[in-house]
Amino acid sequence: MYHHLRGELCDLTPTTAVVEAGGVGFDLRIPISTYERLKGKKEARLFTHLHVREDELRLFGFATTGERDLFRMLLSVTGVGPSIAVAALSALSPIDVARSISTGDLKTLQRIKGVGRKLAERLAL
């Protein structure tokens, strides 16, 4: 629904960014990789993903479309929700996540918070 947001970076923590765009402050969940790119900046442009559940709407932000695409791909795996997908992008670079999945490197995938052996195997499939 939302492709990206651009505006003033009002607040930044390792897990969240607040971007004011059009007079509205958007609270976005972000991975560490995005946090590192935003540190020290006054303005931000983040590519977004709106995750819809029956009891909440949660907006996620990413520094690149590649990060967002990988996040979405991870969500398509049974047992992977947005928390684990963000944890994957926080624990490993997008290239390392993709490489670990394509080569079946279960040990590296298990370094992601919330990923055990069975979920690592599902990711590699």
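The values are calculated or read from the model by the stated rules, or taken from the named source; none is laboratory data. For clarity, every value in this text was computed on a predicted model and none was experimentally measured. Neighbour counts run over all protein chains shown; Cβ positions are idealised from the backbone, glycine included. Surface areas here come from the heavy atoms of the whole protein model, side chains and all, with no ligands, DNA or RNA. Shrake-Rupley method; radii C 1.70, N 1.55, O 1.52, S 1.80 Å.
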Practice problem: Extending each Cα 7 Å along its Cβ direction at residue 117 and residue 43, get the distance between those two points in nm, one decimal. | Solution: 5.2
Quiz item: What is the spin-label model distance, in nm, from residue 124 to residue 64 if the labels are put 7 Å beyond Cα along the C-beta direction?
Solution: 2.5
Self-check item: Full-extension gain in nm, residue 72 to residue 93, via 0.36 nm per residue minus C-alpha separation
Solution: 6.0 nm
Quiz item: In deg cm²/dmol, rounded to 500, what helix-only [θ] at 222 nm does the chain give when every DSSP H run of at least 4 residues adds -39500 (n - 2.57) and the total is split over its residues?
Solution: -11000 deg cm²/dmol
Quiz item: Counting only protein heavy atoms and using a 1.4 Å probe, what share of the accessible area of the chain belongs to carbon plus sulfur, as a whole percent?
Solution: 51
Quiz item: Under 23 Å from the Cα of residue 107, which lysines turn up, not counting those fewer than eight places away in the same chain?
Solution: 118
Quiz prompt | Rounded accessible area per residue of the stretch 1-88, 1.4 Å, Å² | solution = 55
Quiz item: Excluding same-chain residues fewer than 8 positions from residue 39, which aspartates and glutamates have a Cα within less than 18 Å of its Cα?
Solution: 8, 11, 20, 27, 67
